[in-house]
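First the structure, in the form of structure tokens, and then the observations on it.
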Amino acid sequence: MELLASSPPPLFPSSPCRRSGTLHNFHAVAPGKSYSSGETSRRAICRAAEIHGSEQVKGREPLRRGTVSPRLKVPDHIPRPPYDGTDQLPDVNPDRQMHDSESIVRMRAACKLAARVLQYAGTLVKPSMTTDEIDRAVHRMIIDAGAYPSPLGYGGFPKSVCTSVNECICHGIPDSRELRDGDIINIDVTVYLNGHHGDTSRTYFCGEVDEPTKQLVKVTEECMLRGISACKHGASFKTIGERISEHVNKYGYSVDPFVGHGVGTIFHSEPIIWHTYDYEPGFMVAGQTFTIEPTLSMGSTQCEVWGDGWTAITVDGSLNAQFEHTVLVTVDGAEVLTKC
């Protein structure tokens, strides 16, 4: 899950979305990078969109806001993260989170719970199900496990999970809208357990989905896995974005300029994980944990943010897909902590 605010911290000097309200952001946005610049502008409408995208947009109703229900309660006995009780968005912590053997055990537990919750949430995806109902089910499973749903109250976010449907790039707020046959939905789950955050997401099909959409989702997952394959002690962070970009370029999709982040006892920290070429300096160290979470679009990556300050959607209505894992860097590779 990602980050940013209307008055961005120094690490994020620009806000790339056109907005009708205050922008808040779980996923760090590429610093100084316009949604219409760089490698995304050379394919304002990418090859995949030229072939399939315009037909899909015409045949699908634009995403509309539903009614957002009141914030759900968390029992008093469940430990809270430090940001609970304030709507102020925390700055990205500049420290890269390292773990000893005890902390790794706790990270594994938090990430395994997040993975189980996400897997369960995926079984709920079907036509006529509302994203609010998914949020309630996720919330109940997390608190029943003695954990806190990390998104709840983070910078004022009103729900326990992000549900991003169709052209929503990220940070979709669960509401009364019913899922429809042919929709795709990214469900982004983060839990806070024993003082550690576990963060993961996946894009699911709702009912019957056409082949171009299936390919977008398939390629997005492959990009995440290719990024993970670049990870090991001593590897450059740049190799993550290089491997993802090489794969994306085969299909002509666009990579949205939202990025991964360090995660552990702190929800969002350095390193910033780019899913495009040549940005993050430095090298990976065994014991570090961070997320890899590429978001791919069939068309333009230009976006606008709804008045809720969170929901980021593509301006051309093109579909988006995202996958995310939390990984632990090891001496000879990476352990995927959020794998079921």
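For the stretch 198-278, the Kirkwood estimate of the hydrodynamic radius, built from every pair of different alpha carbons, is 14.0 Å. With the cut-off at 30 Å, tell me which of the pairs Lys159/Lys214; Lys126/Lys232; Lys159/Lys232 have Cα atoms farther apart than that. Going by Cα-Cα distance, Lys126/Lys232; Lys159/Lys232 fall outside the 30 Å limit. Distance between the pseudo-spin-label points of Ala235 and Glu61 (7 Å out from Cα toward the beta carbon): 4.4 nm. In the context of the full set of protein chains, residues of the stretch 282-327 present 17 Å² of accessible surface per residue (probe radius 1.4 Å, heavy atoms only). Rg and Dmax of the stretch 96-140, both derived from C-alpha coordinates alone, stand at 14.7, 45 Å.
Heavy atoms only, probe 1.4 Å: what % of the accessible area of the stretch 144-289 goes to carbon and sulfur, would you let me know?
49 percent
Take 205-214, 232-241, 188-197, 145-154 and order them by the average number of nearby Cβ atoms within 10 Å per residue, most first; the result is 188-197, 145-154, 232-241, 205-214.
Rolling a 1.4 Å probe over the heavy atoms of the protein chains gives the stretch 82-198 an accessible area of 36 Å² per residue. Roughly how many Å is it from the Cα centre of the stretch 81-99 to that of the stretch 264-282, as a whole number? Going from one Cα centre to the other spans 15 Å. Taking 1.567 mPa s as the viscosity and 4 °C as the temperature, the Stokes-Einstein diffusion coefficient of the stretch 119-158 based on its alpha-carbon Kirkwood radius rounds to 117 µm²/s. Legend: residues His325, His77, sorted from most to least accessible area (1.4 Å probe; ligands, DNA and RNA excluded), read His77, His325.
The convex hull around the C-alpha trace of the stretch 123-200, projected and averaged over every direction, spans 5.2 square nanometres.
The values are calculated or read from the model by the stated rules, or taken from the named source; none is laboratory data. Quick caveat, the model's predicted, so the values are computed rather than measured. Note that we place each Cβ from the backbone using ideal geometry, even for glycine, and neighbour counts take in every protein chain shown. Each accessible area value is taken on the protein alone, full model and side chains, heavy atoms only, with ligands, DNA and RNA left out. Shrake-Rupley method; radii C 1.70, N 1.55, O 1.52, S 1.80 Å.
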